[in-house]
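Just below is one structure, and these are the notes that go with it.
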Amino acid sequence: MIVIPAIDLKDGRCVRLTQGRKSEVRTYDADPVEMAKSFASAGARMLHVVDLDGAFAGGKSPNRVVLRKIVEAVNVPVEFGGGLRTIADVQQVSALGIGRIIVGTLAAESAEALKELIELFGVRICVGLDARDGIVMTKGWEAATRLAAVDLARSLAALGIKRIIYTDIARDGMLNGPNIEQTVGIARAAGIKVTASGGISCLEDIRQLRNANEPLVDSVIIGKALYEGRFSLEEALAAAAS
């Protein structure tokens, strides 16, 4: 299982939210670029970067400058999402050298646009499927849809998406463990690769996710637990591999 450390950007700084609520934000002193370099040096095989300003407001934000610096500073692939609501948005971040491009709201709202993105960028396009109580949320987790997460997952697979990043919003930033059952359920329903996101609090959480024995759940994003010093990235990598 691959461990992917997260860097969430707001106003150009590293932050973490609680259950995706922009009113509950904690800002960390770490410089995002230095944090990215530290994660890469510790053995990360990929970095997960989110533009929270873009996610909440939509469109381009000043964090794109920070994103460019991160990509230039590390020698590992960067996956990026947040505010990519149009094909032009995706083209702009693709030009920065992003390895994996994450769309969420666009995927939930326009199958035609998503199909065009798949034609243009292939497997570099993945979908951030964010759900609360099994219902898909969009626009920075602020807008509820009428879509069941499992139904959208199946639709995405049918369109040609090869990977979903699944976040149980109720677990995100809470440090109370991931929703393994839902994550595995999404993977099995869609039949495509899933990256688990939200809730990792300790090394045992990583081991339990790994021991779920679902090959389609092949990676996990970890954020707050690393920033809070619950464990090191090196320890997380060892737990995922052992």
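The values are calculated or read from the model by the stated rules, or taken from the named source; none is laboratory data. Note that the coordinates shown come from a computational prediction; the quantities given were computed from them, not determined experimentally. Cβ coordinates were reconstructed from backbone atoms using ideal geometry, including for glycine residues, and neighbour counts include every protein chain displayed.
Okay, here's what the table says:
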read-out: Any chance Ile102 is modelled with pLDDT under 95 and either crowded, with 16+ Cβ neighbours inside 10 Å or touching a Pro at 6+ places or on another chain (Cβ under 8 Å) (or both); value: no
read-out: Options Ser38, Ser110: the member that is among the polar types (S, T, N, Q) and at pLDDT 95 or above; value: Ser38
read-out: Matching residues in the range 29-68 - criterion: being touching a Gly at 6+ places or on another chain (Cβ under 6 Å), among the small types (Gly, Ala, Ser) and at negative phi; value: Gly54, Ala55, Ser61
read-out: Residue ID - farthest from the chain's Cα centre (by Cα), chosen from residues in the range 72-85 that are aliphatic (A, V, I, L, M) and crowded, with 20+ Cβ neighbours inside 10 Å; value: Leu84
read-out: Residue match in the range 168-188 (condition: outside any loop (DSSP other than H, G, I, E, B), surrounded by fewer than 23 Cβ atoms within 10 Å (Cβ to Cβ) and touching a Cys at 6+ places or on another chain (Cβ under 9 Å)); value: no
read-out: Of all residues in the range 142-152 being at pLDDT 90 or above and under 18 Å from the mean Cα position of the chain (by Cα), the one that is surrounded by the most Cβ atoms within 10 Å (Cβ to Cβ); value: Ala149
read-out: Total residues in the range 205-242, condition more than 21 Å from Lys37 (Cα to Cα), in contact (Cβ under 8 Å) with a residue 24 or more places away in the chain, not small (Gly, Ala, Ser) and not in a strand (DSSP E or B); value: 8
read-out: Qualifying residues in the range 153-167 (those that are among the hydrophobic types (A, V, I, L, M, F, W, C) and farther than 13 Å from Leu129 by Cα) - the one surrounded by the most Cβ atoms within 10 Å (Cβ to Cβ); value: Leu159
read-out: Residue match in the range 125-141 (condition: assigned to a helix (DSSP H, G or I) and surrounded by fewer than 16 Cβ atoms within 10 Å (Cβ to Cβ)); value: no
read-out: Failed item, numbered, when Ala88 is tested on (1) in contact (Cβ under 8 Å) with a residue 40 or more places away in the chain; (2) of a type in the set (A, V, I, L, M, F, W, C); (3) over 22 Å from Ile2 (Cα atoms); (4) surrounded by fewer than 17 Cβ atoms within 10 Å (Cβ to Cβ); value: (1)
read-out: Residue in the range 43-52 that is out of contact with any Ser or Thr (no Cβ under 6 Å at 6 or more places or on another chain), at pLDDT 95 or above and surrounded by fewer than 16 Cβ atoms within 10 Å (Cβ to Cβ) present; value: yes
read-out: Count of residues meeting criterion [under 20 Å from Thr138 (Cβ atoms) and either in contact with an Asp or Glu (Cβ under 7 Å, 6 or more places away or on another chain) or free of Cβ contacts under 8 Å to residues at least 12 places away in the same chain (or both)] in the range 158-196; value: 5
read-out: The range 189-199, subset part of a loop (DSSP other than H, G, I, E, B) and at pLDDT below 95, residue nearest to the chain's Cα centre (by Cα); value: Gly198
